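Asker: Handing you this structure, nothing more for now.
Readers should treat all values here as calculations from the given coordinates under stated rules, not as data from a laboratory. What you see is a predicted model; the values in this text were computed from it and never measured. Backbone-built Cβ (ideal geometry, glycine too); neighbour counts: all protein chains shown.
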Amino acid sequence: MTKKSLEPRRAQRDHDAEQGQDAFDQKLAAEKRETTLQVLFKVARLLDERAIARVGQRQGAPRLRRSHTSLLPHLDLAGTRITDLAERLGISKQAVSQLVDDLEAFGVVAREPDPDDARARRVVFTARGREGLLDGLAVLRGLERELAQAVGAKRMQALREGLLAVHDHLEQVGPE
């Protein structure tokens, strides 16, 4: 077979592969929209991105990334050890230490001796970090108001109630 006679076959194969990819992409998009938790994950990511952008627009605000904001909910107000943060996040201690280094440089957290173990240190929110938590919640409330205007206050209230019911259930049954 000559090189020239193979070209139409390659072109057909490439076309078929492209068609198959398009069909897969459409099926995947449809499946994602049908899966409530996938929609929840996507919406959470989009809102996180918006919240980070708004916080970043404030004068003197730290340049937070999504990796930073993913750590914050796992940090107990009384402080948390790096090893516990790594376990909660499912990443290495080195990766957590790097994020903590960043947040420490921003003045959001500090490392201090653990009162339960003199050899260990725990990560705690600084006064600026605690203030930042309240500021972040204010940003989220602003986003909620905008969404209530866009999709309706009743829908936002129903969403809140549904999410709280799921939250309470998951807290009650605990981790798997």
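Asker: Could you calculate the contour length gain from Arg33 to Ser67, that is, 0.36 nm times the residue separation minus the distance between their Cα atoms, to one decimal place in nm?
Answerer: 9.7 nm
Asker: Report Rg/Rh for the stretch 17-61, rounded to two decimals, where Rg is the Cα radius of gyration and Rh the Kirkwood radius.
Answerer: Details: Rg = 16.4 Å, Rh = 12.8 Å.
Answer for the stretch 17-61: 1.29.
Asker: Note down the nm distance, to one decimal, between modelled labels 7 Å out along Cα→Cβ at Met156 and at Leu40.
Answerer: Output for this residue pair reads 2.0 nm.
Asker: If you don't mind, another one. In percent, what relative contact order does the stretch 62-125 have, based on Cα pairs under 8 Å that are 6 or more apart in sequence? Provide the component values of the computation, followed by the final result.
Answerer: On the way: 68 pairs, mean separation 22.4, N = 64.
So the answer I get is 35 percent.
Asker: Which value, in debye to the nearest 20, gives the size of the charge dipole of the chain about its Cα centre, when Lys and Arg are +1 and Asp and Glu are -1 at the Cβ? Mind showing how you got there, number by number?
Answerer: On the way: 30 positive and 28 negative charges, 140 e Å.
Approximately 680 debye in magnitude.
Asker: Here's another thing I want to ask about it. Which aspartates and glutamates have a Cα less than 14 Å from the Cα of Lys154, not counting those fewer than 8 places away in the same chain?
Answerer: Qualifying aspartates and glutamates at Cα under 14 Å: Glu144, Glu146.
Asker: Treat each spin label as a single point 7 Å out from the Cα along the C-beta direction, and report the Gln19 to Leu140 distance in nm.
Answerer: Distance between the two pseudo-spin positions: 4.8 nm.
Asker: What number results when the radius of gyration of the chain, computed over Cα atoms, is divided by 2.2 N^0.38 Å? Write out the running numbers ahead of the final one.
Answerer: On the way: Rg = 23.2 Å, N = 176, 2.2 N^0.38 = 15.7 Å.
The chain yields a ratio of 1.48.
Asker: Tell me, what HN-Hα J-couplings in whole Hz come from the Karplus equation 6.51 cos²θ - 1.76 cosθ + 1.60 at θ = phi - 60° for each residue of the stretch 106-116, using x for Gly and Pro?
Answerer: Couplings: 6, x, 8, 10, 9, 9, 9, x, 7, x, 8 Hz.
Asker: Tell me which residues come under 5 Å, amide H to amide H, from Arg122 once H is placed; ignore anything under 5 positions away on its chain.
Answerer: Long-range HN contacts for Arg122: Glu112, Asp114.
Asker: Could you order peptides 161-169, 71-79 by the average number of other Cβ atoms within 10 Å of their residues, highest first?
Answerer: Working: 161-169: 10.4, 71-79: 15.3.
Those peptides, ordered most packed to least, come out 71-79, 161-169.
Asker: Please name whichever of Val151, Ala95, Thr69 sits farthest to the positive end of the charge dipole of the chain, dipole taken about the Cα centre and charges placed at Cβ: Lys and Arg +1, Asp and Glu -1.
Answerer: Projecting each Cα onto the dipole axis, the largest value belongs to Val151.
Asker: Roughly how tilted is helix 36-57, in degrees to the nearest 10 and between 0 and 90, from the longest Cα axis of the chain?
Answerer: 60
Asker: Taking just the alpha-carbon atoms of the stretch 115-176, what radius of gyration and Dmax come out, in angstrom?
Answerer: 17.8, 53
Asker: Calculate, for Leu170 and Arg10, the FRET efficiency according to 1/(1 + (r/R0)^6) with r their C-beta to C-beta distance and R0 41 Å; round to the nearest 0.05. Working shown, then result.
Answerer: Numbers: r = 52 Å, r/R0 = 1.26.
About 0.20, to the nearest 0.05.
Asker: Suppose every Lys and Arg Cβ carries +1 and every Asp and Glu Cβ carries -1, with no other charges. What dipole size does the stretch 17-61 come out with about its Cα centre, to the nearest 20 debye? Don't jump to the answer; show the numbers that get you there.
Answerer: On the way: 8 positive and 7 negative charges, 85 e Å.
Rounded to the nearest 20 debye, it is 400 debye.
Asker: Mean separation of Cα pairs under 8 Å and 6+ residues apart, divided by the residue count of the stretch 42-160: what relative contact order is that in percent? Mind showing how you got there, number by number?
Answerer: Details: 102 pairs, mean separation 25.5, N = 119.
Over the stretch 42-160, the number comes to 21 percent.
Asker: Along the charge dipole of the chain, pointing to its positive end and built from +1/-1 on Cβ of Lys, Arg, Asp and Glu, which listed residue (Gly79, Thr36, Gly162) has its Cα farthest out?
Answerer: Positive-most Cα among the choices belongs to Thr36.
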